[in-house]
Amino acid sequence: MKSQLDRMAEQHGISLTRPSPENVDVPISDETKRKILSALGVDQNSTDERPKYPPSKGIAKSYLPDFLETGRVWGVNLQLYELRSDRNWGIGDFWDLIEMVRLARSLGADFIGLNPLHAPFLAEPDRCSPYEPSNRQMLNPLYIAVDRLAGFEANETRENQLEVLRQSDLVDYVGVAKVKVPALREIWQAGRVTETADDAAFEQFILERGEVLRRHALFETLSAHMEADGKGAGWRSWPTEYQAPDSAAVSQFADPYADEIRFHMWLQWLAHKQLSEAAAVASEAGMRIGLYLDLAVGEAIDGSATWSEQEVYISDATVGSPPDPFATEGQDWHLAALHPAAIASGKEPPYRRMVIAAMHYAGAIRIDHAAALRRLFLVPLDDSPECGAYVNYPQDALMRILADASTEFECLVIGEDLGMLPEGLQGDLADAGILSYRILSYERGEDGFKPANAYPRLSLACISTHDHQTLAGWWRGADIRARETYGIVPPDISATHVDERKLERRDLKIALEDAGTEPPDRLSPATATDDKLQKLVVSAHHFIAKTPSIMVAVRLADMTGEKHPTNIPGTGDSYPNWKPKLSVLVNDLANIPLVREIAEVMQERRS
């Protein structure tokens, strides 16, 4: 017979077990149950035990354009910040994006896939993970192309600083912010003394975005003040009287900083205008999907979103994942989750506001960690991931929000359905018209890699992503070495992975041969030349292009043969995650033979 605590936990959607690295379910502790219940705001002495979720209205279909009923498309995936150009300010920007749109379209691509463009901590620029943003409803002002703004004037001293930032192989977020934000402020201050045609449009933007925009701008202003005062950019380290946006102290602070608050609203407007222009260029160029934007699974626990709307977030637990074979201690992503009882509730549900913030610009969005549509693994604050538990979310209501919004904005929805998935979720996603996300190295069963024709039609297929080595790096085992080097996986398990990779390489070669894509012979990882690895990359793209998947994404880093991974999950500050730039300029990409060859493969197989 279950205890009262177990019954209460289950009634609030808390699973009583979690997975282990040995793929065996283990029970969670009573202490974990109590902490998660507390994080959910449950009165554990109350007899009213059932959570109040929105009622289910059944599954609705997300948007699918007519041309994909029978056709297939391909596009290029990239990290916007990684783009190099001879004019940007040390970080890829919205003008670089426009140049990439034009180049990709000239190669036959129908979309450009991007990392999350959510607002970061502008007062703490080195907190640069696009998957731990400050606010998912806002955009990153560091992507504004300052030199394309009316009122911009070149400055020789600044140009010398910019050249140093451009030459760096890593994005220097602190250096970029130190140059870009003051330059933007100069334009803002100059513009306030002259009336322009844009003034009315800016005021309309403020009116439409409402209190969400005002509070974000207030947070940015207060965050910069607190950071300069040594109290940190994140609100959880601020004095108590400033930790709520409607406090008397915050109101008193806002009055003398009214102009600075409007400046941060203006930055959001500029980012909106330039991203809208990039979307318009994609449409005018004939891209049938255009921009494909990624959505993070949560927000920083001390950022703008959680400060602005504390009532809709879980405050005493963070999102992570349980222990598994590739992260034996589990992971704590330090992300705040929307409360399951609030996420789909109200006249304008928080989840809808978040997804339409991206759909305004996108022909497709990707839901990172699509398992969150049904459940999230929550880790109590200050505990290790092994002390976490799964909590259920209102899946039907969330899928209906996606369906309604995607139909309204004519925007495809892709669900990143990787890792440990709840049973039946992939079928539910397919029933809802949400595309599955298929990575070549993951599509392997007991008999080897799945043949190309086994991929589901309602899916996006790709070779690698931002969390993986390039295909050449995977072949060489660079990912295995990195996990051991950075202490993510112990040596004994790493040795097992090395043995497994030998079989994986053999099986991949068999799959490529069976598909008739002619991989190169004698491709030992220790002796493989760059030329042979490029032939392998082309062969793999032939394979992925042949799949029935209606979308195929080609990673730009695979096309340029990058040696340094974008992100090594679990490394924290020991690896410069989210900072490596491409090794070539945007304007030189069209001259790289591998770029041309892969594009020709895609056109041949998918046109």
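What does the convex hull of the Cα atoms come to per residue for region 261-394, in Å³?
142 Å³
Calculate the tail of P(r) for region 473-607: the fraction of all Cα-Cα distances greater than 21 Å, expressed in %.
Numbers: 4631 of 9045 pairs.
That fraction is 51 percent.
Net charge around Y242, counting only other residues with Cβ within less than 14 Å of its Cβ (Lys, Arg = +1; Asp, Glu = -1)? The partial results should precede the final answer.
Values: positive: R215, K231, R236; negative: E220, E227, D229, E241, D246, D302.
Residues near Y242 contribute -3 overall.
Restricting attention to the alpha-carbon atoms of region 72-128, what are Rg (one decimal) and Dmax (integer), both in Å?
Over region 72-128's Cα set, Rg and Dmax evaluate to 13.0, 43 Å.
Counting Lys and Arg as +1 and Asp and Glu as -1, each charge on the Cβ, what is the dipole of the chain about the Cα centre in debye, to the nearest 20?
It works out to roughly 1080 debye.
As I understand it, the dipole of region 494-607 uses +1 on the Cβ of Lys and Arg and -1 on the Cβ of Asp and Glu, about the Cα centre. Which of T566, H542, L508 lies farthest toward its positive end?
The one lying farthest along the dipole's positive direction is T566.
For region 524-545 and region 289-367, what is the separation of their C-alpha centers, rounded to whole Å?
For region 524-545 versus region 289-367, the Cα centre distance is 37 Å.
Please report the antiparallel percentage of the DSSP beta bridges confined to the chain, to the nearest 5.
Rounded to the nearest five, the antiparallel share is 45 percent.
From the backbone phi of region 431-444, what are the Karplus-calculated ³J(HN,Hα) couplings (6.51 cos²θ - 1.76 cosθ + 1.60, θ = phi - 60°) in whole Hz, Gly and Pro given as x?
For region 431-444, the Karplus curve yields 4, 8, x, 8, 5, 6, 10, 10, 9, 3, 5, 8, 8, 9 Hz.
Considering the options S494, P245, F377, tell which one lies farthest towards the positive end of the dipole of the chain, charges being +1 on Lys and Arg and -1 on Asp and Glu at the Cβ, about the Cα centre.
Sorting the options by dipole projection puts first S494.
Pull up all non-local amide H partners of T318: gap of 5 or more, or a different chain, and H-to-H distance under 5 Å with H placed in the peptide plane.
Those lying under 5 Å, H to H, from T318 are V379, L381.
Is there a pair in K35/K61; K450/K502; K61/K563 whose C-alpha atoms are over 29 Å apart, and which pairs would that be?
K35/K61; K61/K563
Please list 515-524, 371-380 highest first by mean number of surrounding beta-carbon atoms within 10 Å per residue.
So the order, starting with the most tightly packed, is 371-380, 515-524.
Nearest 20 debye, what's the magnitude of the dipole of region 195-252 about its Cα centre given +1 on Lys and Arg Cβ and -1 on Asp and Glu Cβ? Could you put the intermediate results ahead of the total?
Values: 5 positive and 11 negative charges, 82 e Å.
Using only the charged Cβ atoms, the result is roughly 400 debye.
Sum up the charges of everything whose Cβ sits under 13 Å from the Cβ of G388, counting Lys and Arg as +1 and Asp and Glu as -1, but leave G388 out.
Local charge sum for G388: -4.
Cα atoms only: what Rg and Dmax, in Å, come out for region 347-477?
Computed over the Cα atoms of region 347-477, radius of gyration and Dmax are 16.6, 52 Å.
By average Cβ neighbour count within 10 Å, what is the ranking of 496-503, 388-395, 215-222, 133-140 from highest down?
Packing order, densest peptide first, comes out as 133-140, 215-222, 388-395, 496-503.
Once you sort the root eigenvalues of the Cα gyration tensor of region 13-148 as a ≥ b ≥ c, which label holds: rounded (a/c under 1.5), prolate (a/b larger than b/c) or oblate (the other case)?
Note, shape of region 13-148 comes out prolate.
³J(HN,Hα) across region 383-390 via Karplus (A = 6.51, B = -1.76, C = 1.60, θ = phi - 60°), whole Hz, x for Gly/Pro?
9, 8, x, 5, 9, x, 8, 6
Specify the inter-centroid distance of region 204-268 and region 128-197, based on alpha-carbon positions, in whole Å.
20 Å
Packing-wise, with mean Cβ within 10 Å as the measure, how do 406-418, 547-559 rank, highest first?
Highest mean packing first, the order is 547-559, 406-418.
No lab work stands behind these numbers, since they all come straight from the coordinates. Model, not experiment: these values are computed from the prediction. Cβ coordinates were reconstructed from backbone atoms using ideal geometry, including for glycine residues, and neighbour counts include every protein chain displayed.
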